[in-house]
Amino acid sequence: MTKRRIGFSIFPGWKEIKDEQISLLKNVRDLGFSEIFMGIGPGTHWRTPVNEALSVAKEILKEANKLDYYAFVDINPQILKELNASPRNLSMFMEIGFKGVRADYGFSKEEIVEMSKQMTVELNPFEISEEEVDFIARNANLERIKACHNYYPVLYSGISKEIFMEKNRIFKERGIEIGAFISNPKFNLRTTLEVLRYVEPFDSANYLFKFVDRVLIGDPIPDYESLRQVSEVFKSDITKIRIKVYDESVGKRLDKKFAVENYREFAIVCYSRDNIYEGETCYTKLFKNAVVVRGREIWIFTRDLGIGPYRLVGEIDDINMEIVKMSSEIMLISK
């Protein structure tokens, strides 16, 4: 089974936040963060030349490698040309401490195989076909091949879940690890899936881990609370579903494991071994995303209905509803 990992982004050309970025990698290693994505091209900082950004990256990598991070850098043919590098010669990236390169666009399958002889190569799922992936799998050391999605800073430009799943299938079937990005509330920009653009880091990481092996925060210098939320998801051995609790007397009894079944017409039903509520029967107006309790069962309704004999506990949002649908076992926690 592939080991899950979490990471964040650093942009060396953004020189005014260099010290903050170095502090970040020092301060969050104990939270479980182990990967760093770096962008050195003009799309990440308009004023800093690529060679100067690489020089700043060297300073940052000195600290990153002391802490055993896996750091990889976004490259394309133009970046290599500006640095007098090539697919056959990536030595300058290795010498300053990068462990991988992300082949963003513009490389042939043969060039990717050549690069993989030198260091780990991250494939861009939107710049490579299934046939090209097969060629790479046959001719490269698969231990040096990973995949990492784009992030999409422009509002409404992120990809759909359906396309995301189809792209992921190509790599999962071949045992290739996949990474993708979430944003954080400071910017709400660098996300892979559009549906997660304004979602809190806890929920977006929880959702994304249903599809990929590696979750990276795309926006730079995330606040500590965002980092802590992603870390909590990463370290948990069970899917935690956050609910807005209305009835605290019942809500505090939900911190236990529930098995999930998905075959009811109007609700997802979650079972516990122990009774949660033994009080009087209540007749409640049922609505989409309502969380109610009956004995040892939690019911989460998937549409608006009439009145039924359930005790209302609270409600969940649409993203957490999707997470429940993709889970076989959950724990409910209060927002």
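One table, with the values for the structure above:
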quantity	calculated
Conditions (1) open to solvent by 20 Å² or more (accessible area, probe 1.4 Å); (2) among the small types (Gly, Ala, Ser); (3) in contact with a helix residue (DSSP H, G or I) (Cβ under 8 Å, 6 or more places away or on another chain): number failed by SER236	(3)
Unique residue being among the aliphatic types (A, V, I, L, M), at pLDDT 95 or above and under 23 Å from TRP14 (Cα atoms) when the list is VAL133, VAL121, VAL101	VAL101
Residue within segment 28-39 that is open to solvent by less than 70 Å² (accessible area, probe 1.4 Å), β-branched (Val, Ile, Thr) and under 30 Å from LYS172 (Cβ atoms) present	yes
Condition broken by GLU122, with the remaining ones in (1) surrounded by fewer than 16 Cβ atoms within 10 Å (Cβ to Cβ); (2) in a strand (DSSP E or B) satisfied	(1)
Which numbered condition SER116 fails, given (1) surrounded by 14 or more Cβ atoms within 10 Å (Cβ to Cβ); (2) more than 24 Å from LEU216 (Cα to Cα)	(2)
Qualifying residues in segment 1-21 (those that are open to solvent by less than 30 Å² (accessible area, probe 1.4 Å) and of a type in the set (A, V, I, L, M)) - the one farthest from the chain's Cα centre (by Cα)	ILE17
Unmet criterion (only one of (1) farther than 30 Å from LYS66 by Cβ; (2) without any contact (Cβ under 8 Å) to a residue 12 or more places away in the chain; (3) in contact with a Ser or Thr (Cβ under 8 Å, 6 or more places away or on another chain); (4) among the hydrophobic types (A, V, I, L, M, F, W, C)) for ILE163	(3)
Leading residue by the ranking (least open to solvent (accessible area, probe 1.4 Å)) among those in segment 293-335 that are among the hydroxyl-bearing types (Ser, Thr, Tyr) and touching a helix residue (DSSP H, G or I) at 6+ places or on another chain (Cβ under 8 Å)	THR302
Flag for LYS210 being in a loop (DSSP other than H, G, I, E, B), basic (Lys, Arg) and either more than 21 Å from GLY43 (Cα to Cα) or not assigned by the TED database to the domain that holds PRO12 (or both)	yes
Flag for ASP274 being modelled with pLDDT under 95, closer than 12 Å to LEU332 by Cα and exposed (fewer than 14 other Cβ atoms within 10 Å of the Cβ)	no
Every residue from segment 176-212 that is free of Cβ contacts under 8 Å to residues at least 40 places away in the same chain, farther than 13 Å from ILE319 by Cβ and open to solvent by 10 Å² or more (accessible area, probe 1.4 Å)	PHE187, ASN188, LEU189
Residue match in segment 256-271 (condition: closer than 30 Å to ARG5 by Cα, open to solvent by 20 Å² or more (accessible area, probe 1.4 Å), touching a helix residue (DSSP H, G or I) at 6+ places or on another chain (Cβ under 8 Å) and touching a residue at least 12 places away in the same chain (Cβ under 8 Å))	yes
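The values are calculated or read from the model by the stated rules, or taken from the named source; none is laboratory data. Everything numeric in this text was worked out from a predicted model, so none of it was measured. A quick note on method: Cβ atoms are made from the backbone with ideal geometry, for glycine too, and the neighbour counts reach across all protein chains shown. What goes into the accessible areas is simple: the full protein's heavy atoms, side chains included, and nothing from ligands, DNA or RNA. Shrake-Rupley method; radii C 1.70, N 1.55, O 1.52, S 1.80 Å.
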